[in-house]
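A short worksheet on the structure shown next.
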Amino acid sequence: AKEAGRNTFRFFTPSMDARAQARSRLASELSDSLEHDEFTLVYQPVIDVPTRRTAGAEALLRWNNRYLGAISPEQFVPLAEEMGLILPIGDWLLTAACREAASWLPLVSDPLRIAINVSPRQVQQGDIAGALECALQATGLPPELVTIEITESLLLASGEEVLRKIRRIRDLGAKIAMDDFGTGYASLSYLKHFPVDILKIDRSFVAGALAGGEDARLIEAIIALGHSLGMKIVGEGVETDEQMNFLAERKCDLIQGYRFSPPLVSERFRDFVTRS
Ligand code: C2E
Ligand code: CA
Ligand code: CA
Ligand code: CA
């Protein structure tokens, strides 16, 4: 018993302490991060399958803290949500992304689209349509070039009010994409009720597609379903020629992934666009 007690102490308590400490350190740095200008956006090219040209980009958030270094959005976005910081960060992000996309207008003849991720809390607690409207006005970006990416979890947990907010985004002229499609529940029945323009096939399905099993069938079903509802389909996480060809043969409309480009800083994205 004594031994077990000691093991428990050694194994459990110190690591819990360390975790809690790391978390509170992260939280305290996060609360000053906007003020210190520590956020940036990177842009992952989205490729039009039939023409193989760049159709636009997805904006992805990066946090580089002066003490802790680069921290993954998978770590800090959930924390920012819990802390209520996702609203000011989200407002900053909408304007920064729209400003960047407006600066692309002179680069190419077919205007490039920008896709912006919003987290569930940003929609539930904030005025997302109002914030987007402000960002569009401030930057002069035409609304039809904007796609707002939401996740299934938002739709599952929410009622009429969220639905109204999503409709308002669309009324502005922007499009709605369902991110990570297929990873949540009840996807199919929810699609009927929600105003969605684009389905993004989660990269876990793309990764498994060539093994010849369920993932391939799932992708085919998602594409058929989306097209029958008048939606565009984006394949994510495309890393190889085989994955690209698989999706192209099945009439996936757009693709993104390391096969074409990782997310790029602003200048590199411009290079990518003007060279391709
Ligand atoms: P997501 O929206 O599904 O974003 C796609 C993630 O896949 C990005 O990771 C991207 O860098 C990565 N990726 C792109 N191509 C490939 C590929 O070929 N292979 C692999 N393995 N990965 C690829 P990232 O930037 O680390 O973002 C992770 C998640 O963090 C995002 O998933 C999104 O849920 C969240 N996130 C990122 N930026 C924002 C933001 O601005 N706002 C909000 N609310 N969430 C964000
Ligand atoms: Ca996304
Ligand atoms: Ca995704
Ligand atoms: Ca994701």
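Overview of results
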quantity: Semi-axis lengths (Å, descending) of the ellipsoid that matches the C-alpha gyration tensor of the stretch 79-148; calculated: 24, 10, 10
quantity: Derived scalar couplings ³J(HN,Hα) [the stretch 111-121; Karplus, 6.51 cos²θ - 1.76 cosθ + 1.60; whole Hz; x for Gly, Pro]; calculated: x, 7, 8, 10, 9, 10, 7, 10, 8, x, 4
quantity: Cleavage-rule hits, chymotrypsin sites (Phe, Trp or Tyr not before Pro), the stretch 43-115, DSSP coil, Cβ neighbours within 10 Å at most 13; calculated: Tyr67
quantity: Accessible area per residue in Å² at 1.4 Å probe, computed on the chain; calculated: 51 Å²
quantity: Relative contact order (%) - criterion: Cα under 8 Å, at least six apart; region: the stretch 52-111; calculated: 26 percent
quantity: Additional length obtainable on full extension of the chain from Arg62 to Thr240, 0.36 nm per residue less Cα span; calculated: 61.6 nm
quantity: Globularity index of the stretch 147-276, i.e. its alpha-carbon radius of gyration over 2.2 N^0.38 Å; calculated: 1.12
quantity: Using alpha-carbon coordinates, inclination of helix 2-33 to the longest axis of the chain, degrees; calculated: 50 degrees
quantity: Cβ charges +1 (Lys, Arg) and -1 (Asp, Glu), total dipole of the chain, debye; calculated: 200 debye
quantity: Mean Cβ count within 10 Å, highest first, over the residues of peptides 144-150, 196-202; calculated: 196-202, 144-150
quantity: Calculated P(r) of the stretch 19-83 - Cα pairs past 16 Å, %; calculated: 53 percent
quantity: Extreme residue, positive dipole direction of the stretch 77-181, given options Leu163, Ala102, Ile128 (C-beta unit charges); calculated: Ala102
quantity: Viscosity 1.002 mPa s, temperature 20 °C, Stokes-Einstein D of the stretch 133-195 from Kirkwood C-alpha radius, µm²/s; calculated: 170 µm²/s
quantity: Antiparallel content of DSSP bridges confined to the chain, in %, to 5; calculated: 40 percent
quantity: Eligible aspartates and glutamates near Lys232 by straight Cα distance, threshold 16 Å, same-chain separation 8 or greater; calculated: Asp48, Glu58, Glu144, Glu149, Asp179, Asp180, Asp197, Asp202, Glu220, Glu249, Asp253
quantity: For Asn117, distant residues with modelled amide H under 5 Å away; calculated: Ala59, Glu149
quantity: Inter-part distance where the stretch 24-92 and the stretch 166-213 are each reduced to a Cα centre, Å; calculated: 21 Å
quantity: Approximate shape of the chain as ellipsoid semi-axes (Cα gyration tensor, √5λ), whole Å, largest first; calculated: 32, 25, 21
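The values are calculated or read from the model by the stated rules, or taken from the named source; none is laboratory data. On a predicted model such as this, the values are computed, not experimentally measured, just so you know. Note: ideal-geometry Cβ built from the backbone for every residue, glycine included; neighbour counts use all protein chains shown. Note: areas computed on protein heavy atoms with side chains; ligands, DNA, RNA excluded. Shrake-Rupley method; radii C 1.70, N 1.55, O 1.52, S 1.80 Å.
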